[in-house]
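The structure is given below, and queries will be raised subsequently.
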Amino acid sequence: MAERGEIIRIDRQEVKITRPEKVLFPDDGIRKRDLVDYYRRISARILPHLRARPLMLERYPDGIDRTRIVQKAVTSYYPDWIKTVRVKKVGGTLRQVVCEDEATLAYLSNQACITPHIWLSRIDRFNYPDQMIFDLDPSGDDFELVRETAQSLREKLEQIGLPTYVKSTGSRGVHVTVPLKPEEDFDTVRSFARQLAEVVAGEDPRHRTTEQRKSQRRGRVFLDTNRNAYAQTAVAPYAVRAREGASVAVPISWRELDERGFRPDGVTMPTIFDRLKQVDDPWKDFWRRAVSLKRALPRLEELHAA
């Protein structure tokens, strides 16, 4: 007998939850119902990071141990009340979803979207990012190298007058993020990020690299700046990762990053709400501190030339 669905009402919308008892995380017993409940409860935290941005959806309809679907284009069966936007791509356009509210979050969760990934720009200025991301990706299991690289990157960014924030990815690394005024295009922002990454990698070439090819990294931390490009995405703060334990990408403080025992996958669906009761939001002033890259450009040139 087929499992019956449920209808939940959120504001003015009705969202049907199909197969609510479907287990998405086999080792943890986390069901689709639990995923929907999580995203509804975390909506006040995650929505400011999702709104007005095209999303890429990482979906696992049959659970995280089965087929992974990376979905960019919306399908024809999406309800009319879900916001979408048409974006340019090579050879044409496609329509992508924009998550503006809790009802849309619930709908996407019902589609087994475990991880929403965000554009770095908003729909009113597609070509102008409002954040710059350095993705620090370890080649091995030594997180201390990631920690040291992140702190060196922070030092250099603050030296040239840029505010810095850090987020655990819920996987193996961290994202060092700078909030920007959307004044420079992606090419400018990516070039800036690459130059700074080269400076930081050059300080410790034995343990850090900007080498794209994995075979050439040789156990070093990869300072990845590739997300700073048109239509590239990054995992959203507070998004769940498709990993055993249901870890969550979460904003952290620089002090927390330095704590002994810190793990980038240490916060999970079952534990995050206790954390939120105890820890103030380290990104609460993130958007208020957005800066222009214009003043930092000559300072970066001085660093790069040194």
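Are any residues in region 139-175 assigned to a loop (DSSP other than H, G, I, E, B) and either closer than 15 Å to ALA197 by Cβ or charged (D, E, K, R) (or both), and if so, which ones?
Within region 139-175, ASP141, ASP142, ILE160, LEU162, THR164, ARG172, GLY173 meet the criteria.
What pairs come up if the first residue lies in region 227-250 and is on the phi > 0 side of the Ramachandran plot and in a loop (DSSP other than H, G, I, E, B), the second is among the basic types (Lys, Arg) and surrounded by fewer than 24 Cβ atoms within 10 Å (Cβ to Cβ), and their beta carbons are under 8 Å apart, counting only those six or more places apart or on different chains?
That search, which allows pairs on different chains as well, returns ALA231/LYS89; TYR238/ARG45.
Of the residues that make up region 129-146, is at least one farther than 19 Å from VAL235 by Cβ, open to solvent by 50 Å² or more (accessible area, probe 1.4 Å) and modelled with pLDDT of 95 or more?
Yes, some residue in region 129-146 is farther than 19 Å from VAL235 by Cβ, open to solvent by 50 Å² or more (accessible area, probe 1.4 Å) and modelled with pLDDT of 95 or more.
Let me ask you something else. Restricting to region 69-83, give me the number of residues that are free of Cβ contacts under 8 Å to residues at least 24 places away in the same chain, within 11 Å of LEU57 (Cα to Cα) and not in a strand (DSSP E or B).
2
Are there any pairs with C-beta distances below 8 angstrom linking a residue in region 37-53 that is touching a residue at least 60 places away in the same chain (Cβ under 8 Å) and over 13 Å from ASP101 (Cβ atoms) to a residue that is open to solvent by 10 Å² or more (accessible area, probe 1.4 Å) and not in a helix (DSSP H, G or I), with the two at least 6 apart or on different chains, and if so which?
TYR38/MET269; ARG45/ASP281; ARG53/ARG122; ARG53/ILE123
Please find, within region 84-124, the residue that is surrounded by the most Cβ atoms within 10 Å (Cβ to Cβ) out of those that are without any contact (Cβ under 8 Å) to a residue 24 or more places away in the chain and of a type in the set (A, V, I, L, M).
LEU94
Scanning for something under 27 Å from ASP27 (Cβ atoms) and over 19 Å from the mean Cα position of the chain (by Cα), does region 194-207 turn up at least one residue?
No: region 194-207 contains no residue that is under 27 Å from ASP27 (Cβ atoms) and over 19 Å from the mean Cα position of the chain (by Cα).
Report every pair of residues separated by at least 6 positions or lying on different chains whose Cβ atoms are under 6 Å apart, first residue within region 196-223 and more than 12 Å from LEU145 (Cα to Cα), second open to solvent by 30 Å² or more (accessible area, probe 1.4 Å) and part of a loop (DSSP other than H, G, I, E, B).
Close Cβ pairs (under 6 Å, with a partner that is open to solvent by 30 Å² or more (accessible area, probe 1.4 Å) and part of a loop (DSSP other than H, G, I, E, B)) amount to ALA197/THR210; GLU198/THR210; ARG217/SER139; ARG217/GLU211.
Take region 268-302 and flag every residue that is within 26 Å of ALA193 (Cβ to Cβ), surrounded by 17 or more Cβ atoms within 10 Å (Cβ to Cβ) and not small (Gly, Ala, Ser).
PRO282, TRP283, PHE286, LEU293, LEU300
Residues being open to solvent by less than 40 Å² (accessible area, probe 1.4 Å) and either part of a helix (DSSP H, G or I) or touching a Leu at 6+ places or on another chain (Cβ under 6 Å) (or both): count how many of those fall in region 188-212.
Of the residues in that region, 8 qualify.
Return the residues of region 1-59 that are open to solvent by 60 Å² or more (accessible area, probe 1.4 Å) and part of a loop (DSSP other than H, G, I, E, B); say none if nothing qualifies.
Across region 1-59, the qualifying residues are MET1, ALA2, GLU3, ARG4, ASP11, ARG12, ARG19, GLU21, PRO26, ASP27, ASP28, ARG51.
The values are calculated or read from the model by the stated rules, or taken from the named source; none is laboratory data. What you see is a predicted model; the values in this text were computed from it and never measured. Using ideal geometry, Cβ is built from the backbone for each residue, glycine included, and neighbour counts are taken over all protein chains shown. Surface areas here come from the heavy atoms of the whole protein model, side chains and all, with no ligands, DNA or RNA. Shrake-Rupley method; radii C 1.70, N 1.55, O 1.52, S 1.80 Å.
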